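Some notes on the structure that comes next.
Coordinate-derived values only; no laboratory data. If you're wondering where the values come from, they're calculated on a predicted model, not measured in any experiment. Virtual Cβ from ideal backbone geometry, glycine too; neighbours counted across all protein chains shown.
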Amino acid sequence: MREQPQPTWGWQNFEQFPGYNRWLAIAGLTVICGLAFWLFLGSIGLVDETEPLFAEASRQMTVTGDWVTPYFNGVTRFDKPPLVYWLTAIAYLAGGVNEWTARAASALSATAITVGVFLTLQKFGFASPISAQPETQISPRTTRQRWLSAGLGAAALALNIQMIVWARTGVSDMLLCACLCGALLCFFWGYVQSEGQPIPQIWPNRWYLGFYVLLALAVLTKGPVGIVLPGLVIIAFSLYLGRLRRLWQEAKVWTGLGIFAVLTVPWYVLVIQANGQAYIDSFFGYHNVERFTEVVNGHAAPWYFYFLVILVGFAPWSVSLPLALARLRPWRWRRWQDQPRSAHLGLFALVWFLVIFGFFTVAVTKLPSYTIPLLPAAAILVALLWSHELTQTANLIPRQRCRHAIALLITAIATLVLLTLMAIAIFIVPNLLGPDDAAPMMKAALDQSWLTEIGAVIWGLGAVAIALLLLRRATWRWIALSNLIMMVLFVSFTLTPAFFLLDAQRQLPLRTIARLIPEARQPAEEVIMVGFQKPSVVFYSRDRVQYYFDQGDSSGDISQQPEKLQSQPRLLVIGHPKLIQDWQLDPPDYEILAQQAPYLLMRVQRSAIIDFYEQQTSQSP
């Protein structure tokens, strides 16, 4: 009997054992996504201020049975459409109400888009247009290059600070990224599949149908931005190639818009019927138009804000982006028009990146999370660059090879500089921290944990490795591998432990107080929080909490509106210990039920609070 060939490690064997390669890819994706998105997902409490708002609004859907209007703390919450609430509520019904189920939608979304980028690069991640041939004509070298491109793209997308943080946060941003970016990837697959095919009569191909469904889900996740951003990307891409009319016809836009309307319009009709003009003004006016044209909630930043966000949030891969963009030579538009559609992934990612980056740069309100939909495009661009340098540079003529060597040298030096700066920044973090009333012992705990030193050493070793590789004139693959190993170490030994440290210092004391409220609260006793607003108390206490602030804040100042307090003789109060002194309370007027620095849970006589503010009012001129 003939001896069967055994699979061996190495890129040269990928075309011989496709089944082996698939299992290797599945294992690699499982490890990367597990480390970045799922490991210890439910081991850390919800983080104030935003995450508990989503978690509690979803929980209240399961309690009230109202799946149209989201509520938080007994008040309508019009910030976002319902999809993230629906998915989280379904997770609660399946797995119980906890931190893991509150974040499952975000982690699942991050996993889905990482797998989508991997599959797209494995299929269309050609390093150069000339290698984009029919499957029967693709060389083993190109097959190896596409597998390498897919692996590098998935690793770059999953292993960066921004992706990891938002995939582990139970808000709508990562779900929007998955729907919006998934729609764009589906569009590209449909675009390639339609090449040389007759224009359909009624229905577009299945990938275009997936594009319209995911557009609808994006709009149900975060509103009009879910269709505006993909629309701008596709229009810019089509105009660049001179194919807008053709794509409009083959994608059957009117049919797609009908599918889109069927999926999105019913909920918007129902929520407007239930809440009227209040919903229109809040959601469409405040949370969409005003966020683009005005500064909302103090989230202002200079025009170069997103350059810094991408540089740090997508580090260390971000340093390669300028070369990845320039390598595509977008100014040679006639050359791109002559290429087959399967060679257009790099161009599509370039347009995707620039359009969304420009859109949010123009917007007045700026938040780091707005750049999340850029990350898949950035990962595709970087993966195409690296896979080209690892597999195709031998085909370049000497003059081209010299230019590439210079560009790579500059990029490698820039990477060395960035890693060095990141190491220094991480090391000096404790000295930059100011006082924090929510975590007064944070600086001391950080000093004792050695996390900043460990993080600085990891990034510093990454810089040293790059320097040694440059001195030895090593190939680009070793620089890429060095970055990958550094990020795995940083996630494992610095970022993940930092999540636990932050939780222990900022959230655990408040969470402990909140979980005591159901036992301490007497019938009809009101729970109030004075001096700060922490939504996590509502989620963990499963109770309604009234917020009151310092004097001078008319939205919740007890001194201005003491009648807002209900008529029960006693109140459960959450506040800082100095509140006893501020209110001039005597021992008979209050009872301390629990204290977790820097918070206090006490029962206070309502009359003592009213008397204090009436005395303050009578003494004021």
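Amide H neighbours of L41 under 5 Å, at least 5 residues apart or on other chains, H built in the peptide plane: list them.
For L41, no residues qualify.
Through the Karplus equation 6.51 cos²θ - 1.76 cosθ + 1.60, θ set to phi - 60°, convert the phi angles of the stretch 341-356 into ³J(HN,Hα) values in whole Hz; use x for Gly and Pro.
Result, ordered by residue: 4, 5, 8, 9, 4, x, 4, 4, 5, 4, 5, 3, 4, 5, 5, 5 Hz.
Ranked highest first by the average count of other Cβ atoms within 10 Å around their residues, in what order do 212-221, 68-77 fall?
Order by mean packing, descending: 212-221, 68-77.
Determine the distance separating the Cα centre of the stretch 243-272 from the Cα centre of the stretch 36-76; give it in Å without decimals.
Result: 30 Å between the Cα centres.
Subtracting the Cα-Cα distance from 0.36 nm times the residue separation, let me have the gained length for R472 to D447 in nm, one decimal.
5.3 nm
So who's got an amide H within less than 5 Å of the one on A594, skipping anything under 5 residues away but keeping other chains? H placed 1.01 Å off N, in plane.
L601
For the residue pair L508 and I428, what label-to-label distance in nm results when each label sits 7 Å from Cα along the Cα-to-beta-carbon direction?
3.1 nm
Under the rule of at least 5 residues apart or a separate chain, name every residue whose amide H is placed under 5 Å from the amide H of Q546.
So Q546 has HN proximity to V527, I528, M529.
Whole angstrom only: what separates the Cα centroid of the stretch 500-547 from the Cα centroid of the stretch 585-610?
The two parts, judged by their Cα centres, are 15 Å apart.
Report, ordered by chain and residue number, the lysines lying within cross-link reach of K80, taken as a straight Cα distance under 18 Å and ignoring same-chain residues fewer than 8 apart.
The qualifying lysines are K222, K366.
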